[in-house]
Amino acid sequence: MKTLIVEIVDPARLGELYTVSKFFGETPDLVALGKGEVPGGFGKVYQTEEILGANIIEPLADLIKSEGYEAIIFSSSTEGNSIASPLASLLSIPILPEVIGIEEGPVIKKPLYGGKAIATYKIETTPFIITVRRNCFEKEELKGKSETVPLETKDKKLELLAEREEKVEGIPLEEAQVVVTGGRGLGSADGFKMLKELADLLNGAVGASRGAVDEGWAPPQIQVGQTGKIVAPNVYFAIGVSGASQHLAGITNAKCVVGINIDEEANIFKRAKFGIVEDYKKVVPALIEVLKEEKV
Amino acid sequence: MNIVVCAKVVPDYEVPASDFELVNGRAHERFTRVIGLYDENAIEVGVQLKEKHNGNLTIVSYGREDDIPVLRKAIAMGGDKMILVIGQSDDPYVIAENLKMAIEKVGDVDIVLAGRQSADMDRGVVPGILAAMLGYTFVPQVTKIESLNGEWKVTQVTEKGVREIKGKGKALFSITDDPSNVPRIPPVRRILAAKKMPVEKLEEVKPTSMAVEELSVEIPKMEIKCEFLPTEDLKETARMLLKKLKEERYL
């Protein structure tokens, strides 16, 4: 099946989509969005500095039609979400987003109801578009670099005025082997300072639930959950997190969840391997103290 | 300024996984129906725009007639008018085509808003499909909108930070949560007035669905049993937890 990946120049995201493309057979072509050196392993590689979806949709539609691509793959990301669905509509082709599993057919799996159910679909025609949920497929190690040809964009509908990266110190959430996440149960933004100290001692990253982000205690960029970051650490500390299904959907691939919550009925304990029913303000300092002692 | 917010009524998303139940691949009817998680953020953004620009805000929905009482919350929050297209398809093209029909009935709409994704099908594709059908510029994951003389500036949340994006003309923005768009609680007088507001009901159109067959919907098995650690001596609890995590090679 003639396959096209559309993704920003990011080795981790490209590696995951490359793995997905193998289900469709042929070496995939790539439309690389943004500046930077594109890793190797692809067939034909097009590149544009443009990253704003609405400015890319029409040239992409033209490319797909002229080259006869059958499977078009995006990640479930800002760029994927900006382009995939209007592109599908423009081409009148099926789109299945948030893919978490693929089998021959192609048969794909995606979550429903905030991850409380999993649906299986068979795509009955080509071309089609899928968007792939982050951290659900192994990353292919892409070696070397690709030669690129420019993808021309005209008629800009959007203008990028500013882009500000939220500074998150340390290891990126998606790659961290230990994640320490705080929820509304922390009670204030101050609680996150304590979580940061714990995360640093464990060489991990700090996350937040939607509730904590809505309270303004943590930036949206560290939100873990269905519409935030999808993480897959070895250990996930959920501290003051109730465990709404939309949050749990972001930690499906966490190997071990530790729940720390004052409410023993909290839903997080249904996902946790280890649970501590106590005020986090007492538990987290104890963990910090023991970790410091062990490091001496 | 004419503003439309698309809102969907869904089974209560707060229902924990342990209580969740399916009938014929869809959530059991016994669950309370509510307006979608992000749709309420979209309504709040719509209300803020309306208040700032003295605009008109129409709530448009595709769904069941018996969901009208639930949708009235959107009116109480600040909607001026409501159109419901009656239908129950889950196909994103069918939903978008019906929303388009309702939006065109509103007239000359400047800005359409929708939640970034519904809380039942978890797709987030209807807003983009609808934008393309309407010929509107689409920007997803927006938290704030400033509009002036046909131009607009939006804040988009990305994986790494935020973008400020400028555009002009008719546009559809899908809205994500942010402290600035947490829905305000409507005053009682508006809740009461919303109950009397007439709702325009439309029959659905039935365009072709996309060529995808739903094979199954299942509840994933969760076979984790939580081991609760003793809490009499929390330093001892911490030591015990770290020891277990190391022994089982998680750390």
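Among the conditions (1) touching a strand residue (DSSP E or B) at 6+ places or on another chain (Cβ under 7 Å); (2) among the hydrophobic types (A, V, I, L, M, F, W, C); (3) within 14 Å of chain A (Cβ to nearest Cβ), the only one that B:Val94 does not satisfy is (1).
Elements of the type strands (runs of 3 or more DSSP E) sitting completely within segment A:182-279 and holding at least 2 residues that are away from chain B (no Cβ under 12 Å) and buried (at least 24 other Cβ atoms within 10 Å of the Cβ): these cover A:205-208. Among the residues of segment A:112-134, those identified as touching a residue at least 40 places away in the same chain (Cβ under 8 Å) and either surrounded by fewer than 22 Cβ atoms within 10 Å (Cβ to Cβ) or assigned to a loop (DSSP other than H, G, I, E, B) (or both) are A:Lys116, A:Thr126, A:Pro127, A:Arg133, A:Arg134.
The residue that is farthest from B:Val45 (Cα to Cα), counting only those in segment B:146-175 that are more than 7 Å from chain A (Cβ to nearest Cβ) and in contact with a Leu (Cβ under 6 Å, 6 or more places away or on another chain), is B:Phe173. Filtering segment A:111-167 to residues that are among the acidic types (Asp, Glu), closer than 30 Å to A:Lys255 by Cβ and away from every other protein chain (no Cβ under 11 Å) leaves A:Glu138, A:Glu140, A:Glu141.
Only one of the listed residues (B:Val45, B:Val10, B:Val5, B:Val60) is in contact with a Cys (Cβ under 8 Å, 6 or more places away or on another chain) and among the aliphatic types (A, V, I, L, M). That residue is B:Val60.
Residue by residue, here is whether (1) touching a residue at least 24 places away in the same chain (Cβ under 8 Å); (2) over 12 Å from A:Leu151 (Cβ atoms); (3) of a type in the set (A, V, I, L, M) holds:
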residue	(1), (2), (3)
A:Ile8	yes, yes, yes
A:Ala12	yes, yes, yes
A:Glu16	yes, yes, no
A:Gly40	yes, yes, no
A:Lys44	yes, no, no
A:Glu50	yes, no, no
A:Asn55	yes, no, no
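Among all residues of segment B:27-48, there is none that is surrounded by fewer than 19 Cβ atoms within 10 Å (Cβ to Cβ), more than 20 Å from B:Thr176 (Cα to Cα) and in contact (Cβ under 8 Å) with a residue 60 or more places away in the chain. Scanning segment B:186-241 for residues that are polar (S, T, N, Q) and either surrounded by fewer than 15 Cβ atoms within 10 Å (Cβ to Cβ) or under 30 Å from B:Ile43 (Cβ atoms) (or both) yields B:Thr208, B:Ser209, B:Ser216. Applying the criterion of being farther than 30 Å from A:Ile288 by Cβ and more than 7 Å from chain A (Cβ to nearest Cβ) to the residues of segment B:211-243, the residue that is farthest from the chain's Cα centre (by Cα) is B:Glu223. Just for segment A:93-110: of the residues that are part of a loop (DSSP other than H, G, I, E, B) and more than 8 Å from chain B (Cβ to nearest Cβ), which one is nearest to A:Ile51 (Cα to Cα)? Once the filter is applied, the top-ranked residue is A:Ile100.
Every number in this text was worked out from the coordinates using simple rules, so none of it is lab data. Predicted, not measured: the structure shown is a model, and the values here were computed from it. All Cβ positions, glycine included, derive from the backbone under ideal geometry; neighbour counts span all protein chains shown.
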